[in-house]
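What follows is a single structure, written as structure tokens, with notes after it.
The values are calculated or read from the model by the stated rules, or taken from the named source; none is laboratory data. Values in this document were obtained by computation on a predicted structure and should not be read as measured data. Every residue, glycine as well, gets a Cβ built from its backbone with ideal geometry; the counts of neighbours run over all protein chains shown. Accessible surface areas use protein heavy atoms only, side chains included; no ligands, DNA or RNA. Shrake-Rupley method; radii C 1.70, N 1.55, O 1.52, S 1.80 Å.
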Amino acid sequence: MFKQFLLLFCTQFLISAAAFAQIIKVPDGFEGPIFFDISGQNLKNQIGANIYRIYRSVGVEEVNPSNALGSNNQTVALDKIVEKINYYYFEDHYLTGELEFQGHMMIARMHEERGVNLYALKVHLKGECRWFNKNGKMSQIGVFNGEDWYGSQKFFNDEGKLLNEKPGKGLGQYLYNFERGLLRRKGFKYQENVLSDILPAPSVVNKEDKIASVKDTAQSKPIDIQAKIASMPHFPIKNYRPYEGVYQGITKNITLNKQAETSVSLSEIDAKNGAATLEIQWVGGFTGYAKVTGSIQDNVIFAQGDMYLKGEKVAALTLVTFLQKENNKIEGFFNAKPIKPGEKVQSYSYVLNK
């Protein structure tokens, strides 16, 4: 009788636990979830979990030295010795769906040997990282490479107000550029209460506490600049001079479904220092002027600046332009954050010719 009672009790307990289990939906393009308890221990399911992780691959780097010294100082090929370093964008969420963390990680063989991987709560962080309170307000932001941080790491209270800053290594020591699917940049600066565009817009939680899919939110968030960069062709350029000049064509405002005649002057390309300047004018469906400056690596220009209308600043731009192999064509996209409070970020794209 006791055994029957015990079996009935266990069955009812499991049924109750399943009934109260949170429904977790993984957005399109992501893998997971991976569950962790409050101490950071990896769990097989969400029973006892405090955090769950979703992730997606953003690049693989193959480390393969072309040659090395073998026995008797003979140079030998190492074609078969290849180490892969995996890069991931990942998000940690509270079990009820709210975002707890977003950032990138890198996993090399040495990390795997130490048990630092997707299934460990503590990972080798790479680039900008953000932590959030359960109410959605950011609690911490900083630039990391493993346990080292660069520039000012900022801490906020539950209402999102800055509490203090902790200085790290100089940002000049953390060279920002495009690397294996990760967007990094030199001279990185945070603006108060403004999220930068290095990381993609995180997954969102809808009214039913279920994660909305990427497709559901595509029209309500800015361009995922990092994903766009990863999808575009990259190639080295030895001589930038043929690319300087004026380009013309159409810019499309994806958010408002408008377009305007566009003129872009690409000048001041400094290959030695990796710098470039673009002046842009729009006329037609929308009007404006912008001068953006930034870094250039291979055929990729990452730049920032302000958009002006009749001499008045109306938006802050984060822009990426790709030089095409034809020399006379460029393709780009950018997000514009309006100066007026409450207005949403707008996304644009263009393809221009000389």
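Data overview
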{"quantity": "Single condition E61 does not satisfy, out of (1) over 30 Å from G115 (Cβ atoms); (2) modelled with pLDDT under 75", "calculated": "(1)"}
{"quantity": "Some residue of the stretch 278-300 being of a type outside the set (A, V, I, L, M), in contact with a helix residue (DSSP H, G or I) (Cβ under 9 Å, 6 or more places away or on another chain) and under 18 Å from P222 (Cβ atoms)", "calculated": "no"}
{"quantity": "Residues satisfying the stated conditions in the stretch 114-140, i.e. over 16 Å from R53 (Cβ atoms), assigned to a strand (DSSP E or B) and modelled with pLDDT under 90", "calculated": "G127, E128, M138"}
{"quantity": "Meets criteria (outside any helix (DSSP H, G or I), open to solvent by less than 50 Å² (accessible area, probe 1.4 Å) and touching a strand residue (DSSP E or B) at 6+ places or on another chain (Cβ under 7 Å)) for G103", "calculated": "yes"}
{"quantity": "Within the stretch 28-57, tally of residues that are among the hydroxyl-bearing types (S, T, Y), open to solvent by 20 Å² or more (accessible area, probe 1.4 Å), at pLDDT 90 or above and more than 10 Å from L121 (Cβ to Cβ)", "calculated": "1"}
{"quantity": "Neighbours by Cβ (under 6 Å, 6+ apart or cross-chain): first from the stretch 230-243, within 20 Å of E268 (Cβ to Cβ); second open to solvent by less than 80 Å² (accessible area, probe 1.4 Å) and β-branched (V, I, T)", "calculated": "Y240/I269"}
{"quantity": "Positions within the stretch 248-266 being at pLDDT below 90 and of a type in the set (S, T, Y), in sequence order", "calculated": "T255"}
{"quantity": "Test for K291: is it basic (K, R), part of a strand (DSSP E or B) and open to solvent by 30 Å² or more (accessible area, probe 1.4 Å)", "calculated": "yes"}
{"quantity": "Test: residue in the stretch 316-324 that is in a loop (DSSP other than H, G, I, E, B), touching a strand residue (DSSP E or B) at 6+ places or on another chain (Cβ under 8 Å) and not aliphatic (A, V, I, L, M)", "calculated": "yes"}
{"quantity": "Leading residue by the ranking (surrounded by the most Cβ atoms within 10 Å (Cβ to Cβ)) among those in the stretch 328-351 that are in contact with a Lys or Arg (Cβ under 8 Å, 6 or more places away or on another chain) and not in a strand (DSSP E or B)", "calculated": "V345"}
{"quantity": "Search result, residues across the stretch 238-266 that are open to solvent by 30 Å² or more (accessible area, probe 1.4 Å) and in a loop (DSSP other than H, G, I, E, B)", "calculated": "K238, N239, E244, I254, T255, L256, N257"}
{"quantity": "Qualifying positions in the stretch 267-278 - open to solvent by 20 Å² or more (accessible area, probe 1.4 Å) and either assigned to a loop (DSSP other than H, G, I, E, B) or at pLDDT 95 or above (or both)", "calculated": "A271, K272, N273"}
